[in-house]
Amino acid sequence: MKVNILGAAVLARGTLAGVTSEPKPVTSRPPQSTIHPALSSIYAAAATTEPQSPVSNVASKAFDRIIQIWLENTDFNVSSGDPNMQWIASQGILLTNYFAVTHPSQPNYAAVVAGDHFGMDHDDFISFPANISTVVDLLDTKSISWDSYQEDLPYPGFAGFNFSDQTTFANDYVRKHNPLQLFSSVTNDATKAAQIKSFMNLTSDITNHKLPQWSFITPNMRHDGHDTNITFSSTWTRTFLSPHLNNPYVTTKTLIVLSFDENKSSPTPNRVSTVLLGGAIPPSLHGTTDSNLYTHYTMLSTVQANWGLPSLGKWDCDANVLALVANWTGYRNAVVDTRGLFLNVSYPGPVSNKMFTPGWWPAPATGLKCAAGRGVLPAVVATWGRGEGTYNYTNVYPYDAVAGVAVGGELADGENDNGRVGASSSSGGGGGAGPSATAASPSATASGSVGVPVRPGGLICVGVVGLVAVAVV
């Protein structure tokens, strides 16, 4: 099946016949054009495009609503030492071992909604094929409402690469910080695209009591600290959060997760300050800390466990679940010694610039139970067939044993709740990235089944879906 996205054809489902192993990575990815609409067309669309604001009240466990807010590029010690961030931490729980998963910004935004960054190591224009599933597909299985709020987005569903301040021409909205906009499975649907909205819509949704149960909030490039600093961004963040924390409609049984996309000092461990806020946090836990290992993939596993949703079969599958939810469900998180764990580089993949694997995509592990106990999204299984996955997606953090990516951590207690042994620098772990491993190609039919050989440290090379990042000027 071919899907036309903004005038360019994208192979959105299926395989490339005869490809049974990862192509040797090449050092450069073909350049991709960028969407830069004329200002007049932006204003015209803004005058006519209407936002969508679905609501729901689906039964949950630890929280009824989750709001994720991301700031930018700040080391843990810098952010946790800022007076405004310290005040914010006093209103909730500070996570002291929360890690981003790579550099730079964009792959982290992709990872938090898709369970993988697919080797991305850049902030270039990317539009993922329509059969790459996201958290939206998981939420839709139970009709759980969702929205994305992007400051200074000119109109709902705007597809452009950026939108600057029209007076100073400073950076305001940027597409690379808008996670759902990266995925054609969302943007191809006009209704879903209209759920990617601006802060003006956030204000009206709060006023009209139309907040969704899942949302992602991105401030503009000044307020998130990208083009300023932690002093500026923390001052803005405290001012932004304070009235919401005092609004019962916003906070009642709501989990607000304030985090950073990545740290600033890339040679160091990619640990970022993250605070849990809102009415889902009992006052008795305000000002406390949680030292469990969490990553951006935890945001997916936590949502899945809270609402009893399936997994995407990627790094979300067995990522540690926030203790807030794990305590409700009885899930036992893995205890990890994080010494030597960096999570600051990407592995080879189909959207990598440095280690590009043209035409080859990592396969999800479709037969796993995963942390929420609901298995893998049926649509993912239908697309890929049954298989164990390219990497060891049962590990609590992403790693690639062959490429030597993120192999420094060690599971302190030997297993997590599903009995999965973690990666370590000595063990070598399960899947990895190596061009010599082979496997059958995945079935493109719902009934297909793939037998996938596994070797320690090797790569289960399943799956090929074409990607073209498209452009319209």
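The values are calculated or read from the model by the stated rules, or taken from the named source; none is laboratory data. These figures come from a predicted structure and were not determined experimentally. When we count neighbours, we look across all protein chains shown, and the Cβ atoms used for this are built from the backbone with ideal geometry, even at glycine.
Per the conditions (1) farther than 17 Å from residue 342 by Cα; (2) surrounded by fewer than 21 Cβ atoms within 10 Å (Cβ to Cβ), the sole criterion not satisfied by residue 97 is (1). Checking the conditions here, which among 168, 191, 141 is on the phi < 0 side of the Ramachandran plot and at pLDDT below 95? Step by step, each of 168, 191, 141 is checked, and only 168 is on the phi < 0 side of the Ramachandran plot and at pLDDT below 95. For residue 108, indicate whether it is out of contact with any Cys (no Cβ under 6 Å at 6 or more places or on another chain), at pLDDT below 95 and surrounded by 20 or more Cβ atoms within 10 Å (Cβ to Cβ). So residue 108 does not fit the description; no.
When the residues of region 241-278 are filtered to those that are touching a Phe, Trp or Tyr at 6+ places or on another chain (Cβ under 9 Å) and either without any contact (Cβ under 8 Å) to a residue 40 or more places away in the chain or among the basic types (Lys, Arg) (or both), the one that is nearest to residue 79 (Cα to Cα) is 271.
Restricting the first member to region 185-207 and to residues that are touching a residue at least 40 places away in the same chain (Cβ under 8 Å), and the second to residues that are aliphatic (A, V, I, L, M) and in a helix (DSSP H, G or I), the beta-carbon pairs closer than 6 Å and six or more apart or on different chains are 186/136; 186/180; 187/193; 192/186; 196/180. Looking at region 168-182, is at least one residue of a type in the set (Val, Ile, Thr) and over 22 Å from residue 98 (Cβ atoms)? Yes, that holds for at least one residue. Restricted to region 38-107, the set of helices (runs of 4 or more DSSP H) holding at least 3 residues that are over 26 Å from the mean Cα position of the chain (by Cα) comprises 39-48, 83-90.
Among the residues here, residue 301 does not qualify as surrounded by fewer than 24 Cβ atoms within 10 Å (Cβ to Cβ), out of contact with any Lys or Arg (no Cβ under 8 Å at 6 or more places or on another chain) and at pLDDT 95 or above. Let me spell it out: the conditions are (1) surrounded by fewer than 23 Cβ atoms within 10 Å (Cβ to Cβ); (2) modelled with pLDDT of 95 or more; (3) touching a strand residue (DSSP E or B) at 6+ places or on another chain (Cβ under 9 Å), and residue 355 meets all of them except one. Which number is the exception? Status for residue 355: all satisfied but (2). Determine whether region 131-150 contains at least one residue that is farther than 25 Å from residue 380 by Cα, surrounded by fewer than 20 Cβ atoms within 10 Å (Cβ to Cβ), in contact (Cβ under 8 Å) with a residue 12 or more places away in the chain and polar (S, T, N, Q). No, region 131-150 contains no residue that is farther than 25 Å from residue 380 by Cα, surrounded by fewer than 20 Cβ atoms within 10 Å (Cβ to Cβ), in contact (Cβ under 8 Å) with a residue 12 or more places away in the chain and polar (S, T, N, Q).
Across region 371-384, the number of residues qualifying as crowded, with 24+ Cβ neighbours inside 10 Å and farther than 27 Å from residue 328 by Cα comes to 3. When region 227-279 is filtered for residues that are closer than 14 Å to residue 65 by Cβ and not in a helix (DSSP H, G or I), the ones remaining, listed by number, are 247, 252, 253, 254, 255, 256, 257, 276, 277, 278, 279.
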